[in-house]
Amino acid sequence: MACLCLLAYMHATAQNLPDDGPLTVRPALQQLGQRLLKGKTGSIVAIKPSTGEIICLATNSPTGSNVNLAIATAYPPGSTFKTAQALTLLSESIITPETTIDCKNGFTDGNIHVGCHQHASPLSLANALAFSCNTWFLSTFMTMLNDDFVFETKEEAIDTWASYMRSMGLGGPLNIDIPGEKGGIVANTNYLSRRYKDGWNARTIIWAGMGQGDITATPMQLCNLAVTIANRGFFYTPHIHQGTPDRPLSQRFLRKRSTMVFPDAYPPVIEGMRLAVEKGTCTDIRTTYPICGKTGTAENSGADHSAFIGFAPLNDPQIAICVYIEHGGFGADMAAPIAALIIESYLKGHLSPASETKAKRIASKIINP
């Protein structure tokens, strides 16, 4: 009965969803997700990393649930994208885990100035992730684009960068089993030559280094990025239907897809995500079981969007998640607490009394554009 009810729910949110058998979503998570999204516009996507099964796909908008917010709406990923950036820079030997960058009141280059959080300086990679240092990521991205020793041209540099991002599931549809999926933007030479008719350079596209500008992604793609990190370098195409003897899963959902990222790049990035929860931007979700996460605060017209990606536990991850709340403020304000409640419900089977109090408080909060 639960599967039938959820199938009816998914039909209501994605009207042309085919009836291909039982769903992978967990009823308790789905119900909790819908409760937490009340009065807000946004999405909660959770995936089981070891299989690619979508275990939560909750959405809400002013007109009700709308699955397109999760699978067909491309947002600026904000600082959640710094995880993918770090993995690429490490793989290309542009940085090492010990690379330190000074940050004094933000990043400045000519007439460009980007502010940053208050934190110690200089920072190495793990702490740059933990405290989400804009200066660190803008500086190192510019280093990659201007590195004429590793790359012959800036075009080779950006196309190499884009190839890593596409291998992590960004820049196009993942080919999930829900109709209407769309992909976001990952800048490459062709895209940049079309957009910037008068030419471009590192300063033109530097914002992508911190998840703004010429980079967008859907919440589904961002959750899948968290999956690739949880799995240390691979993912299965996300799917919402279970295989049955009569209707086995298509091979595209059973085939492991590997990223281009070097295996040695994952431990320092995961350390940074762990430190973000232990002492960085999202300490309010610190708990007895190890959550690894990255907050994001995405600039746009109006109040900032609140984003979070993460997975748990640290070893043998059982759940990867993305929460994206339009106009929700800092990533730690809304997205991270929602993610922590979904993770707790899945790993523990229920919410503690204290967490239930938090859930009620979040559910009662209304966020207007």
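The values are calculated or read from the model by the stated rules, or taken from the named source; none is laboratory data. Computed from a predicted model, the values in this text were never measured in an experiment. All Cβ positions, even for glycine, are placed from backbone atoms using ideal geometry, and neighbour counts span all protein chains on display. The accessibility values were calculated without ligands, DNA or RNA, using every heavy atom of the protein model including side chains. Shrake-Rupley method; radii C 1.70, N 1.55, O 1.52, S 1.80 Å.
Tabulated data for the structure shown
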quantity	calculated
Candidate set: the stretch 49-78, residues that are open to solvent by 10 Å² or more (accessible area, probe 1.4 Å) and among the small types (Gly, Ala, Ser); chosen: the one nearest to LEU29 (Cα to Cα)	SER65
GLY280 assigned to a loop (DSSP other than H, G, I, E, B) and over 25 Å from ILE54 (Cα atoms)	yes
Residue in the stretch 253-270 that is β-branched (Val, Ile, Thr) and surrounded by fewer than 17 Cβ atoms within 10 Å (Cβ to Cβ) present	no
Subset tally (residues that are assigned to a helix (DSSP H, G or I) and out of contact with any strand residue (DSSP E or B) (no Cβ under 7 Å at 6 or more places or on another chain)) for the stretch 338-369	17
The stretch 227-251, residues that are part of a helix (DSSP H, G or I) and either touching a His at 6+ places or on another chain (Cβ under 9 Å) or loosely packed, with under 15 Cβ neighbours inside 10 Å (or both)	GLN251
Test: GLY199 is surrounded by fewer than 24 Cβ atoms within 10 Å (Cβ to Cβ), over 15 Å from the mean Cα position of the chain (by Cα), touching a residue at least 12 places away in the same chain (Cβ under 8 Å) and on the phi > 0 side of the Ramachandran plot	no
From the options ILE285, ILE309, residue that is β-branched (Val, Ile, Thr) and surrounded by 24 or more Cβ atoms within 10 Å (Cβ to Cβ)	ILE309
Pair list, Cβ under 6 Å, 6 or more apart: the stretch 58-81 residue under 12 Å from GLY211 (Cα atoms) and among the β-branched types (Val, Ile, Thr), other residue open to solvent by less than 20 Å² (accessible area, probe 1.4 Å) and assigned to a strand (DSSP E or B)	THR80/LYS294; THR80/GLY296; THR80/ALA307; THR80/ILE309
Filter result (within 14 Å of the chain's Cα centre (by Cα), among the aliphatic types (A, V, I, L, M) and assigned to a helix (DSSP H, G or I)) within the stretch 202-226	MET210, MET220, LEU222, LEU225, ALA226
Residue within the stretch 176-186 that is outside any loop (DSSP other than H, G, I, E, B), closer than 18 Å to TYR75 by Cβ and not polar (S, T, N, Q) present	yes
LEU341 vs. criteria under 23 Å from ASN66 (Cβ atoms) and surrounded by 13 or more Cβ atoms within 10 Å (Cβ to Cβ)	yes
Yes/no for THR216 being open to solvent by 50 Å² or more (accessible area, probe 1.4 Å) and hydroxyl-bearing (Ser, Thr, Tyr)	no
Sole residue being in contact with a Gly (Cβ under 9 Å, 6 or more places away or on another chain), surrounded by fewer than 17 Cβ atoms within 10 Å (Cβ to Cβ) and of a type in the set (Asp, Glu), chosen from GLU356, GLU299, GLU326	GLU299
Filtered residues of the stretch 203-213 (kept if closer than 14 Å to LEU145 by Cβ and open to solvent by less than 10 Å² (accessible area, probe 1.4 Å))	ILE205, ILE206, ALA208, GLY209
Some residue of the stretch 263-282 being out of contact with any strand residue (DSSP E or B) (no Cβ under 8 Å at 6 or more places or on another chain), modelled with pLDDT under 95 and over 22 Å from LEU32 (Cβ atoms)	no
